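What follows is calculated from the coordinates using simple rules that are stated; it is not laboratory data. Everything quoted here is computed from the prediction, not taken from an experiment. Every residue, glycine as well, gets a Cβ built from its backbone with ideal geometry; the counts of neighbours run over all protein chains shown.
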2 protein chains.
Amino acid sequence: MKVGIIGLGLIGGSIATDLRKRGFASKILGHDASKLHAETALKFGLIDSVSTMDELINESELIVLAIPGDATLKLLPKVLDKVSSQVVCDVASIKSQICDRVKYHQNRKQFVATHPMAGTEHSGPWAAKAGLFDGKATIFCDAEDSDENVLQTVHKMYEFLNMRVLYMSGFNHDVHAAYISHISHISSFALALTVLEKEKNEKNIFDLASGGFDSTVRLAKSDAEMWAPIFNHNADNVLTVLNTYIESLNKFKTAIEKRDRDDLIGMISKANRIKRALRE
Amino acid sequence: MKVGIIGLGLIGGSIATDLRKRGFASKILGHDASKLHAETALKFGLIDSVSTMDELINESELIVLAIPGDATLKLLPKVLDKVSSQVVCDVASIKSQICDRVKYHQNRKQFVATHPMAGTEHSGPWAAKAGLFDGKATIFCDAEDSDENVLQTVHKMYEFLNMRVLYMSGFNHDVHAAYISHISHISSFALALTVLEKEKNEKNIFDLASGGFDSTVRLAKSDAEMWAPIFNHNADNVLTVLNTYIESLNKFKTAIEKRDRDDLIGMISKANRIKRALRE
């Protein structure tokens, strides 16, 4: 199958890598707003050719939009304007507004709204990684608005990426993503800011980071241009969970102020239950 | 050298593993308040024999206290009461109070206060891991209060564990540890509590965790009995940094409430500078 990938960063580049290696794509056309990204992806062999947007849309059987959420909101209707039999999917982290934006588009049935739950804190085609999606979950949103054959094609693609497909409404996706993914990023960004503010000596940060900080702060390396729009577009859900998070921190603060060992042990033991949810 | 290890959990067990394998210890005597831990450590071959506290103190040349901070505060003076030429070190995460507690002990010179900055979120002898300390930093506190030969012995032990030795006052250690290690744990515990509260469906947590949550919440699996005393004993420093952390989160909250893209991008880009400190 001829696959066109718009956006050749971490996600688009990693999709390209596995779809080619595993025999799903016979040819991969690539497009990126950044000439540097496009040329790097070609040089790295992630794609077979750099195409204009129109060439890519005309020549591909499956078109993957692998660009940030706000860019997807703008570009998706324009891509759908131009397709006939082509299948289109996106991979953005916000889903409710994207589904709403094209709900009444005449070619809505050619589109599947998806969100593969995988990534690293790195970005760009340099960050593309074989096997990035293996064993993880991908979410199909408002699947009832997509054509059955179109759904099957996209499902097939994710099978080649070795992902489990879950079905959810766009609305529910955004609620759960805020609870689990988005708040983790805010927690990590704020932690980095705190430590950079308090600990002026970078050598100390480096030396002491192995005490747990390195894992907690990993996400703070994530791309600003990608994440700022996610927080804004999912603001209501993110604010709800952020408020609960700040409340939890205030409970820790009160317990520590009172040197209340029992209360601290109670809260930490409760937090330990996350082990079970993560099945570790 | 005959090494006695009091506390056969993650840290004590991992020290035992490498000191024996790398030829530093000719014999390892072990003691643990938990009979199950002691017998497991013996069965796993982490130690050569289970000893009473007195046997261990009498027969060891180097005694390592690998127990939580509050237990170290209680036990260390009693161990020092009984030593003559034996070298003693601890590995607890709080240092200022430990150094203060034995500052005027007649055998203070036989003791080195250390904190190897390594660990995992797991605990007990089952969690002991070869190579746990490789390439990480260990901190010697108030080293001027230790005898020169005693310091050399403990330094040698850490060389066999493949650690870099840094020198700091106990006071400074606690400030930096709060900024970097302790706040990470609180951030992670509070995140786990928030998600467990908001997301009642554990399957969703599992499915969506690969979106970054899994790394940020890793530390939330850490042991309550170990961490509650750390927060209490280092309360002043922890509260200072916790306040700054809550302030940072409130800044994110305000920016999201205002849908202020520029402000969010500014804060995230600033947080990204943590990359440099972590040299990645």
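List of remarks:
- Summing Cβ point charges (Lys, Arg +1; Asp, Glu -1) relative to the Cα centre of the range A:2-168 gives a dipole of roughly 220 debye.
- The range A:182-256-the range A:63-129 distance, computed between alpha-carbon centres (Å): 28
- For the residues of A:4-14, the average number of beta carbons from a partner chain within 10 Å of their own beta carbon is 0.
- Checking the Cα-Cα distances for B:K129/B:K156; A:K109/A:K156; B:K109/B:K129 against a 23 Å cut-off, the pairs over it are B:K109/B:K129.
- Test item: Cα-centred dipole of the protein assembly as shown, Lys/Arg +1 and Asp/Glu -1 on Cβ, debye: 420
- The residue list A:V3, A:S146, A:M168 was ranked by how far each Cα lies along the charge dipole of chain A toward its positive end, using unit charges on Cβ atoms, and A:M168 comes out on top.
- For a paramagnetic label modelled on B:N149 (point 7 Å from Cα along Cα→Cβ), amide N atoms under 16 Å away belong, within the range B:99-115, to B:107-112.
- Whole-number D in µm²/s for the range B:2-168 (Stokes-Einstein; Kirkwood sum over Cα pairs; 25 °C, 0.890 mPa s): 160
- For chain A, a Kirkwood hydrodynamic radius built from all Cα pairs, placed in the Stokes-Einstein relation at 10 °C and 1.306 mPa s, yields a translational diffusion coefficient of 78 µm²/s.
- Entries of A:K35/A:K78; A:K251/B:K258; B:K21/B:K103; A:K221/B:K203; A:K203/A:K253; B:K198/B:K251 with Cα pairs more than 30 Å apart: B:K21/B:K103
- Straight Cα distances below 19 angstrom link A:K43 to the aspartates and glutamates A:D18, A:D32, with same-chain residues fewer than 8 positions distant left out.
- The protein assembly as shown: equivalent-ellipsoid semi-axes (sqrt of 5 x gyration tensor eigenvalues, Cα, Å): 51, 24, 20
- Look at the alpha carbon pairs under 8 Å that are at least 6 residues apart: their mean separation over the length of the range A:173-278 gives a relative contact order of 35 percent.
- Here A:K82 is the anchor, and the aspartates and glutamates within straight C-alpha reach of less than 15 Å, apart from those fewer than 8 places off in the same chain, are A:D54, A:E55, A:E59, A:E61.
- Shielding of A:113-125 by partner chains, average beta-carbon count, 10 Å: 2
- FRET efficiency for the B:E257 to B:Q97 pair, using the beta carbon distance and R₀ = 41 Å, is estimated at 0.50.
- Across identical copies of the chain, A:N243 has label-point separations of 2.5 nm, listed in ascending order, with the point defined 7 angstrom from Cα along Cα→Cβ.
- Aspartates and glutamates whose Cα lies under 17 Å from that of A:K95, excluding same-chain neighbours fewer than 8 positions away: A:D70, A:D142, A:E144, A:D145, A:D174, A:D236, B:D207
- Size of charge dipole - chain B - debye, nearest 20, with Cβ of Lys, Arg +1 and Asp, Glu -1, no other charges: 660
- Scaled radius of gyration (Cα, divided by 2.2 N^0.38 Å) that the range B:183-280 gives: 1.25
- Ranked by how many other Cβ atoms sit within 10 Å of their own Cβ, fewest first, the residues B:K258, B:K200, A:K270 fall in the order B:K200, B:K258, A:K270.
- In range of the label at A:D134: residues from the range A:1-41 whose backbone nitrogen is under 13 Å from the point 7 Å along Cα→Cβ: A:18, A:22
- Cα-based Kirkwood hydrodynamic radius, the range B:11-108, one decimal, Å: 14.0
- The ranking of A:L249, A:L75 from fewest to most other beta carbons within 10 Å of each one's beta carbon is A:L75, A:L249.
- Amide H to amide H, with H built 1.01 Å from N, B:A113 comes under 5 Å of B:C141, counting only residues 5 or more places away or on other chains.
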